[in-house]
Amino acid sequence: MNDVRRLATPLHLGRIEIQNRVFLAPMSGVTDEPFRARAVKHGAGLVVSEMVASGELAKGRRNSALRIRRPDVPVHVVQLAGREAGFMAEGARIAAGEGADIVDINMGCPAKKVTGGYCGSALMRDPDHALSLIEAVVGAVSVPVTVKMRLGWDHDSLNAPEIARRAEAAGVVMVTVHGRTRNQLYNGRADWRAIRAVKEAVSVPVVANGDAGTLADAACMLEQSGADAIMIGRAHYGAPWLAGRIAAEAAGGRKALETDISDYVISHYEDMLTLYGSVQGVRHARKHLGWYLDRHAPGTSLELRRAVMTVVEPATVIAALRAAFAARDMRSAA
């Protein structure tokens, strides 16, 4: 059964049951606690924390501790990045101790500041070293360990199938593949067909990632990749409900979002202020507010947009949001 209805069925990782197969991708600066909690409420099958630097976590940095804190979700996944086995193992132990049900290893981030430190997708250039990190994490915790990677560093080294096979042998229980190389960054289109080689190389579930944003995309991604589940990232900008909506559509329905868009956005804004404090929270929130405006109120005046994106007084920002979304209904806006 490889049609889109599979997305509405559970996926099991050992004793962990994931309710459906439409996942929210980890995105640094995006998938924080308030965002993940909303995605789960709307029906996302699995959500993953922002990438956490294992060295920073092991050293007790406050921002890292916030990123691994367990939100109100049925399955808590913490994604770790790093290049040193000791820090990766210690980070995994800390995450599991704080309630992580799954530890995910980042081998896919293409950002220069990450790959320049020989982390993220740079690990795909040295499979032996990558495997030493995987073995360290698997050996450090009793919870399941998963890996997220790209197709390879570039088109001359499409080694995701080899690395996935070795990762499975080391104890990894699921592999997610973004259908681009590191050198592509986010340019061009994700190659869903290339993910099939990973699926054919392993027996553990494979998750396809890259460029999906609709049920039609999901159906095509499944057919081309042969994957067991899909993961959606940037299409969630301004739409935390997207994964849940696609899962509901795969089941033959459509999940209504019965709240006013301004109330929804303001609630999200206030949750970010609570999490980070008013000073940092205002800065963290701005990109989210911009995405909400772009998606749901594209005709917002420059004056209102400037107030939302630059003012530091929350009450003024909230008033501007209400004006921007005036008379908008979530069911039509979403």
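The values are calculated or read from the model by the stated rules, or taken from the named source; none is laboratory data. Quick caveat: nothing in here was measured; it's all calculated off a predicted structure. Note that we place each Cβ from the backbone using ideal geometry, even for glycine, and neighbour counts take in every protein chain shown. Side chains are part of the model used for accessible areas, which takes the heavy atoms of the whole protein and leaves out ligands, DNA and RNA. Shrake-Rupley method; radii C 1.70, N 1.55, O 1.52, S 1.80 Å.
Name the residue from 141, 99, 172 whose Cα lies farthest towards the positive end of the charge dipole of segment 93-174, charges +1 on Cβ of Lys and Arg and -1 on Cβ of Asp and Glu.
Value computed over the given set: 99.
Multiply the residue separation of residue 303 and residue 3 by 0.36 nm, subtract the distance between their alpha-carbon atoms, and state the gained length in nm to one decimal. Provide the component values of the computation, followed by the final result.
Numbers: separation 300, 0.36 × 300 = 108.00 nm, distance 4.71 nm.
In short, 103.3 nm is gained.
Report the extension gain between residue 98 and residue 154 in nm, rounded to one decimal, defined as 0.36 nm multiplied by the number of residues separating them, less their alpha carbon distance. Write down the numbers at each step before the final one.
Numbers: separation 56, 0.36 × 56 = 20.16 nm, distance 3.63 nm.
Full-extension gain reported as 16.5 nm.
Order the peptides 169-180, 310-321, 281-292 from the highest to the lowest mean number of other Cβ atoms within 10 Å of their residues. All intermediate terms of the calculation are to be shown ahead of the outcome.
Numbers: 169-180: 23.2, 310-321: 15.2, 281-292: 18.8.
The most tightly packed comes first, giving 169-180, 281-292, 310-321.
How much length would be gained if the chain were fully extended between residue 41 and residue 319, taking 0.36 nm per residue of separation minus their Cα-Cα distance, in nm to one decimal? The partial results should precede the final answer.
Working: separation 278, 0.36 × 278 = 100.08 nm, distance 2.60 nm.
Extra length from residue 41 to residue 319 when fully extended: 97.5 nm.
Between residue 69 and residue 259, what FRET efficiency follows from the Cβ-Cβ distance if R0 is 25 Å, with the result rounded to 0.05?
Values: r = 26 Å, r/R0 = 1.03.
In this case the efficiency is close to 0.45.
Match the structure shown to one of the listed values [x] 43; [y] 16; [z] 10 of percent of Cα pairs over 37 Å apart, computed from it, and give that label.
[y]
Taking R0 as 45 Å, what FRET efficiency do you get between residue 17 and residue 286 from their Cβ-Cβ distance, rounded to the nearest 0.05?
Details: r = 37 Å, r/R0 = 0.82.
About 0.75, to the nearest 0.05.
Which percent of the accessible area of the chain is formed by carbon and sulfur heavy atoms (probe 1.4 angstrom)? Please report the intermediate quantities before stating the final value.
Values: 6780 of 13630 Å².
Result for the chain: 50 percent of the exposed heavy-atom area is carbon or sulfur.
Only Cα pairs within less than 10 Å get springs; with that Gaussian network setup on the chain, which residue of 109, 119, 220 has the largest fluctuation?
Among 109, 119, 220, the largest mean-square fluctuation in the Gaussian network model of the chain belongs to 220.
Run the dipole for the chain about the Cα centre, Lys and Arg Cβ at +1, Asp and Glu Cβ at -1, nothing else charged, and hand back the magnitude in debye, nearest 20.
Values: 41 positive and 35 negative charges, 91 e Å.
The dipole of the chain has a size of about 440 debye.
Pairs of alpha-carbon atoms within less than 8 angstrom and 6+ residues apart define the contacts here; what relative contact order does segment 9-126 have, in percent? List each step's numbers first, then the result.
Values: 211 pairs, mean separation 22.7, N = 118.
This gives 19 percent for segment 9-126.
Just grab the label-to-label distance for residue 312 and residue 142, each label 7 Å out from Cα along the Cβ direction, in nm (one decimal).
Each label point is offset 7 Å from its Cα along the Cβ direction, giving 4.8 nm.
Provide the per residue accessible area, probe 1.4 Å, for the chain, rounded to a whole number of square angstrom. Walk me through the numbers before you get to the answer.
On the way: 13630 Å² over 334 residues.
Each residue of the chain exposes 41 Å² on average to a 1.4 Å probe.
Identify, among 227, 293, 34, the residue whose Cα sits farthest towards the positive end of the charge dipole of the chain, taking +1 on the Cβ of Lys and Arg and -1 on the Cβ of Asp and Glu, with the dipole about the Cα centre.
Most positive-ward Cα: 293.
Could you give the dipole magnitude of segment 263-326 about its Cα centre, charging the beta-carbon of Lys and Arg +1 and that of Asp and Glu -1, in debye to the nearest 20? Mind dumping the intermediate values first?
Details: 7 positive and 6 negative charges, 46 e Å.
Roughly 220 debye for segment 263-326.
Please give the net charge around residue 307, taking every other residue with its beta carbon less than 14 angstrom from that of residue 307, where Lys and Arg add +1 and Asp and Glu add -1.
Values: positive: 286, 305, 306, 322; negative: 303, 313.
Around residue 307, the charge tally is +2.
Using θ = phi - 60° and the Karplus form 6.51 cos²θ - 1.76 cosθ + 1.60, what ³J(HN,Hα) does each residue of segment 102-110 get, whole Hz, x for Gly and Pro?
Once rounded to whole Hz, the list reads 9, 10, 10, 9, 7, 10, x, 4, x.
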